[in-house]
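Coordinate-derived values only; no laboratory data. Only a predicted model underlies this, so the values are computations on that prediction, with no experimental measurement involved. Every residue, glycine among them, receives a Cβ derived from its backbone with ideal geometry; neighbour counts consider all protein chains shown.
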Amino acid sequence: MDQMNKIMSLSELQSRRQFFAQGRNLLGSAALAGLMGQISTQASGSEVLGPHFAPKAKRIIYLHMVGGPAQMDLFDYKPEMQKWYDKELPDSIRNGQRLTTMTSGQKRFPIAPSKYKFSQAGKCGMWMNTQLLPMLSKKADEICWMRSLHTEAINHEPAITALQTGNQVTGRPCLGSWASYGLGTANENLPAFVVLVAVPRNREQEQAISGRLWSSGYLPGEHAGVSFRSKGDPILYINNPRGMPSELRKRSIGGINKLNQIQYEKLKDPQTHTRIQQYEMAFKMQASVPELTDLTQEPESTFKLYGEEARKPGTFANTALMTRRLAERGVRFIQVYHNNWDHHANVARRMPDQCKDIDQPCFGLLEDLRLRGMLDDTLVIWGGEFGRTIYTQGRLSKSNYGRDHHPRCFTMWMAGGGAKGGTIYGETDDFSYNIVKDPIHIRDFHATLLHLLGLDHERFTVKFQGLDQRLTGVEHAKVIPELIL
């Protein structure tokens, strides 16, 4: 009775903001459901929205290379630059572009041609770094190559935030949260959105990876990403404490959620609803997560495919294998972060290490999905938050150099899930500095991803602070049909 009186008192103290939020949730959900023209479905106990049209991809695996891979050292072949070694970047090419504080004080901007060997791969003839990516090059005809991505952000935090959420300002829902909110999950015992952070073999210059990148922002909290750890328990506090049998834990959670439900019915606070969902999901994951992370049942052929590193928790190879296991269990969006691509110096050592981390595992993941009949409806994405400069940062030699941040052009790729394999889209100038054909703004990239999931980026909106918020924002964005099967 005392507990009930406390809840009644809280109800009487409901704030003006909570009152209007309650109305917003009720009316906004109804309006959005009507706008979508779809019947709501149930996933993980919460209401989600169905697609606008038949999706080509049921799920996304997004491999983000934190720091910004150098496009001219991997996928944007510039043989003309060999003649420009140590010559100045022409002012006509830079054209007044702002620089980071790391190179703005340099007296010279000497050209650093790529030291790596390029050759054509596949029937599509994609020029790429086959010296460091020999396995991935075998998948050239299954990959949709995008060489003309561009963004406004020139530093890591705003750039990665923009690529993950559509805006440089933090606090908005990320791609995985939008996918979870729109489509839900096909597995009641796992989250719709899971985050994995791989540990690189070379750790010279890692960038911070913040939990803000997998925030649900103004979407309900249950659509935030759930981060799995690479060592120890996959999820903190997932196991019962000593002396707490499973049946007692189940009864405890049931009792807590009954109280939370009473409070939610009185106050309509969305955070209370999120707490109910989290308790229920945590209990379900106690059984599902140990089975998910147990690789002992994987055949030897799996480790031949991904490489022996796949046996070691936390490696990129192990993480790639985990993404397949999550995908086949119905997880909607799997976000992977791989650090140490911020190559301001020592490209000669760091680039080979990074490529050794990802080459066979990326090949293995694509091949594994194909063999299991999952690649057609699983979209795999690879890329960083921006590119790198053709001029060197710091000392230059033909065997070593560094590169600064470059938002004007960078390369990403995607495969499966309706992406048009063998496509080579976009073109940059001889300096890999400016886009000369078929630019792709990150808003266009986001619109295309949503389209592959069966969602119209212009209609997929959520009312927040009086505005119809959407992933692609208020500026023009377009789906790029040339990238789609």
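Descriptive notes on the structure:
- K304 paired with R372, simple spin-label distance in nm, labels 7 Å along Cα-to-beta-carbon: 1.9 nm
- Cα centroid separation - segment 359-381 against segment 318-345, whole Å: 12 Å
- Under 13 Å, Cβ to Cβ, from N95 - net charge with Lys/Arg +1 and Asp/Glu -1: +1
- Each peptide among 454-460, 308-314 gets the average number of other Cβ atoms lying within 10 Å of its residues, and from highest to lowest they stand as 454-460, 308-314.
- Under Stokes-Einstein, with the Kirkwood radius over Cα pairs as Rh, the value for segment 416-461 at 10 °C and 1.306 mPa s is 128 µm²/s.
- Computed from label points 7 Å out along Cα-Cβ, the spacing between F464 and D429 is 3.8 nm.
- Förster radius 41 Å - calculated FRET efficiency between Q97 and R229 (Cβ-Cβ, nearest 0.05): 0.55
- Each of D456 and Q286 was given a label point 7 Å from its Cα along the Cα-to-Cβ line. The distance between the two points is 4.5 nm.
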